[in-house]
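Worksheet: one structure, shown below.
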Amino acid sequence: MIFKLNQLIMFVLILLINGCSSVGKLGDNQSNLFDKQNYLTHVKTLASDEFGGRAPATPGGELTVSYLEDNFKALGLEPAFGANGYRQPVSLMVISTDEDIGLELTTESKIKTTLAYKDEMIAWTRRPVEQASISDSELVFVGYGVVAPEYNWNDYAGLDMRGKTAVILVNDPGYLSGDDAFFNGKAMTYYGRWTYKFEEAARQGAAGAIVVHQTGAAGYPWGVVSGSWSGPQYHLLDAGDAPLAQVEGWITEASAVNLFANAGQDFAALVEQAGKAGFTPRSLNTSASITLNNTIAQSDSYNVGAMLPGSKNPDEYFIYTGHWDHMGTDESNTEGDNIYNGAVDNATGTAALLELARVFASQAQRPERSLLFLAVTAEESGLLGSAAYVEKPAVPLNKTVAGINMDGMSVYGASNDVVVIGWDASDLQDYMTRAAASQDRILVREPTPEKGFFYRSDHFNFAKKGVPMMYAEAGNDIRGKGVEWGKQQQADYTANRYHKPGDEYDESWDISGIFQDLEMNYLVAQEILNSDDWPEWRPGNEFRKIREASLAATP
Ligand SMILES: [Zn+2]
């Protein structure tokens, strides 16, 4: 009897303990879960000159992969990738296009113009071919090039795009509307992102896809477009079976104005129509030709992943992600510092992944669901490692309950706020609101949603496949220093160190904001790991239907 009573008391105690940990508030003792020295050792190592800026498929990249692998192994975590152990091979294809090219345009009345490479247009192919071309391909203006059933919107309605080239506006119909209920208003939806434009045009069977650059709508000037898409371009060797157009590219707004005028159309008027219901696509009565000659090389890199099996629902997973790669060493620069150490971007997030892994692995009580820690490669080349992962996930995506991505964490000190990239996209925001509240922090919107930052780091590839993901980090409202000071620090980083050799470890960093984030990200995961809840995308979110279909499918 007494024995049984003890059992009952133990049972109640366990319930209480579980109850507490699943609601989640870290006491003073628990906040010591995370080890500052341990964390900084990871950051300093990953950001060291020895690691050479961690470019994929370089000696520094290989050092990084081994470092992650060794750490996961030492923690006793299980390899995520079966026979490949902790490594998931990611084969990269590098395409270099001869730059001696132009986009030839011919109107029905035989007006010929040639748009100059880099100055007026940029073009490439993602097909692994030595030559790709469009020849006398009819140009069709398709507005924003969006097919969005949830908004009852189809810019390709009634069109047969085979052999033709779509001319497409960047951003989405909500951009100019000022109506928050219409394509999320000024905040960019995925339909506004250039990646979507090329995907949709290819799904429609188009031979070519050309996006018209407008600085406001794109969120960056033409120089970013011409700089990013010239020189060697990295792609996945195995990009899945999604269709690809022969030729993709951008043209400047001035070139578009001319093109439309030569075709007897008013560009500005059509931009306005494109954002309104009732817009119909139209031929520009102009044909386009271009031939791309390519040199193709292949190189191999790796995602690195480890698992901690759950105690009750081991086939359901929470995932933490962070990209380990950065921009490497610029061998052509023989004077001064040529190593892009990527200390903030993203040694901080990779170290966070390792520190979270250490804390979870060392806990006496395992969470009920499983954990997956995934450090991905080639983020800086276009989110390629995470794209490769979601094509061949270690565990089914419809068993991946939710996740958190960490990329470029705050080194300015403890904050009062947490900036959410992708405001109110999913139920995960409620979990994070509770976790942040236990630290006396509040969640705030990222201030420039029209720039589409939600679509610019690895969480996005998971979202695209329906997995709810959160991307949020300590904000600018730094305790004891204030918002203006925080903004100055952030602006100074963006101007002077972001994607530059100066992104190095600095003794003056205050990583207490990172430690707040580690705790917060820990609490969010704990609550989900020890529940049967399946956080969902909010009603109306563009990923909700994808998730519903994914969950309905057999694994
Ligand atoms: Zn990054």
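If you go through the range 107-134 one residue at a time, how many are of a type in the set (S, T, N, Q) and either in contact with a helix residue (DSSP H, G or I) (Cβ under 8 Å, 6 or more places away or on another chain) or crowded, with 18+ Cβ neighbours inside 10 Å (or both)? Even if it seems obvious, please write down each step before you answer.
Step one: of the range 107-134, the residues of a type in the set (S, T, N, Q) are 107, 109, 113-114, 125, 131, 133.
Add one more test, that the residue is either in contact with a helix residue (DSSP H, G or I) (Cβ under 8 Å, 6 or more places away or on another chain) or crowded, with 18+ Cβ neighbours inside 10 Å (or both), and what stays is 107, 113, 125.
Counting residues in the range 107-134 that are of a type in the set (S, T, N, Q) and either in contact with a helix residue (DSSP H, G or I) (Cβ under 8 Å, 6 or more places away or on another chain) or crowded, with 18+ Cβ neighbours inside 10 Å (or both) gives 3.
Within the bounds of the range 438-449, is there any residue that is in contact with a helix residue (DSSP H, G or I) (Cβ under 7 Å, 6 or more places away or on another chain), among the polar types (S, T, N, Q), buried (at least 24 other Cβ atoms within 10 Å of the Cβ) and assigned by TED's automatic domain parsing to the domain that holds R538? Within the range 438-449, none of the residues are in contact with a helix residue (DSSP H, G or I) (Cβ under 7 Å, 6 or more places away or on another chain), among the polar types (S, T, N, Q), buried (at least 24 other Cβ atoms within 10 Å of the Cβ) and assigned by TED's automatic domain parsing to the domain that holds R538. Screening the candidates Y522, Y493, Y505 for the property of being surrounded by 18 or more Cβ atoms within 10 Å (Cβ to Cβ), modelled with pLDDT of 95 or more, assigned by TED's automatic domain parsing to the domain that holds K44 and closer than 20 Å to E380 by Cβ yields one hit, Y505.
If you go through the range 341-374 and pick out every residue that is within 12 Å of the ligand (Cβ to nearest atom) and either outside the structural domain of D407 (by TED's automatic domain parsing) or among the small types (G, A, S) (or both), you end up with 4. Of the residues making up the range 73-90, those that are closer than 24 Å to L383 by Cβ, part of a strand (DSSP E or B) and open to solvent by 30 Å² or more (accessible area, probe 1.4 Å) are P79, R87, P89. The set of residues in the range 281-330 being within 16 Å of the ligand (Cβ to nearest atom) and surrounded by fewer than 18 Cβ atoms within 10 Å (Cβ to Cβ) is empty. Output the residue which, of all residues in the range 350-406 that are open to solvent by 10 Å² or more (accessible area, probe 1.4 Å), basic (K, R) and not in a loop (DSSP other than H, G, I, E, B), is farthest from N461 (Cα to Cα). If we take residues in the range 350-406 being open to solvent by 10 Å² or more (accessible area, probe 1.4 Å), basic (K, R) and not in a loop (DSSP other than H, G, I, E, B), then R358 is farthest from N461 (Cα to Cα).
Every residue, every condition in (1) within 24 Å of Q214 (Cα to Cα); (2) not in a strand (DSSP E or B); (3) not β-branched (V, I, T), yes or no:
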| residue | (1), (2), (3) |
| --- | --- |
| L92 | no, no, yes |
| T106 | yes, no, no |
| S135 | no, no, yes |
| E138 | yes, no, yes |
| Y144 | yes, yes, yes |
| E150 | no, yes, yes |
| Y156 | yes, yes, yes |
| F183 | yes, yes, yes |
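Just one of the numbered conditions (1) closer than 24 Å to N461 by Cα; (2) surrounded by 16 or more Cβ atoms within 10 Å (Cβ to Cβ) is not true of V212: (1).
In the range 332-340, the count of residues that are assigned by TED's automatic domain parsing to the domain that holds Y522, surrounded by 20 or more Cβ atoms within 10 Å (Cβ to Cβ) and more than 12 Å from the ligand (Cβ to nearest atom) is one or more. Per the listing S457, S512, the residue uniquely in the same structural domain as E335 (by TED's automatic domain parsing) and either more than 22 Å from the chain's Cα centre (by Cα) or within 24 Å of N32 (Cα to Cα) (or both) is S512.
Somewhere in the range 432-443, is a residue under 22 Å from G174 (Cβ atoms), more than 16 Å from the ligand (Cβ to nearest atom), at pLDDT 95 or above and of a type in the set (A, V, I, L, M, F, W, C)?
Narrowing the range 432-443 to residues under 22 Å from G174 (Cβ atoms): none.
Scanning the range 432-443, I find no residue that is under 22 Å from G174 (Cβ atoms), more than 16 Å from the ligand (Cβ to nearest atom), at pLDDT 95 or above and of a type in the set (A, V, I, L, M, F, W, C), so the answer is no.
May I ask you to verify whether A116 is assigned to a strand (DSSP E or B), under 29 Å from the mean Cα position of the chain (by Cα) and assigned by TED's automatic domain parsing to the domain that holds E200? It is false that A116 is assigned to a strand (DSSP E or B), under 29 Å from the mean Cα position of the chain (by Cα) and assigned by TED's automatic domain parsing to the domain that holds E200.
Residues checked against (1) at pLDDT below 95; (2) assigned to a helix (DSSP H, G or I):
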residue: S21; (1), (2): yes, yes
residue: D28; (1), (2): yes, no
residue: S31; (1), (2): yes, yes
residue: Q37; (1), (2): no, yes
residue: V43; (1), (2): no, yes
residue: A55; (1), (2): yes, no
residue: L63; (1), (2): no, yes
residue: S66; (1), (2): no, yes
residue: N71; (1), (2): no, yes
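Taking the stated definitions as given, is Y471 in the same structural domain as S386 (by TED's automatic domain parsing) and under 18 Å from N184 (Cβ atoms)? Criteria met by Y471. Within the range 404-431, the residues that satisfy the criterion of being small (G, A, S) and away from the ligand (no atom under 16 Å from the Cβ) are G413, A414, S415, A425, S426. Among residues belonging to the range 453-467 that are within 16 Å of the ligand (Cβ to nearest atom) and open to solvent by less than 10 Å² (accessible area, probe 1.4 Å), point out the one that is modelled with the lowest pLDDT. My answer is S457.
For the range 471-480, enumerate the residues that are within 16 Å of the ligand (Cβ to nearest atom) and open to solvent by less than 20 Å² (accessible area, probe 1.4 Å). So that I can check it myself, show each step before the final result.
Kept after step one, since they are within 16 Å of the ligand (Cβ to nearest atom), are these residues of the range 471-480: 471-474.
Matches in the range 471-480: A472, A474.
As for the range 238-254, it holds at least one residue that is outside the structural domain of A388 (by TED's automatic domain parsing), free of Cβ contacts under 8 Å to residues at least 12 places away in the same chain and assigned to a loop (DSSP other than H, G, I, E, B).
The values are calculated or read from the model by the stated rules, or taken from the named source; none is laboratory data. This one's a predicted model, so the numbers in the text were calculated from it and none came from an experiment. Reconstructed Cβ throughout: ideal geometry from the backbone, glycine too, with neighbour counts over all protein chains shown. SASA here: full protein model, heavy atoms, side chains in, ligands and nucleic acids out. Shrake-Rupley method; radii C 1.70, N 1.55, O 1.52, S 1.80 Å.
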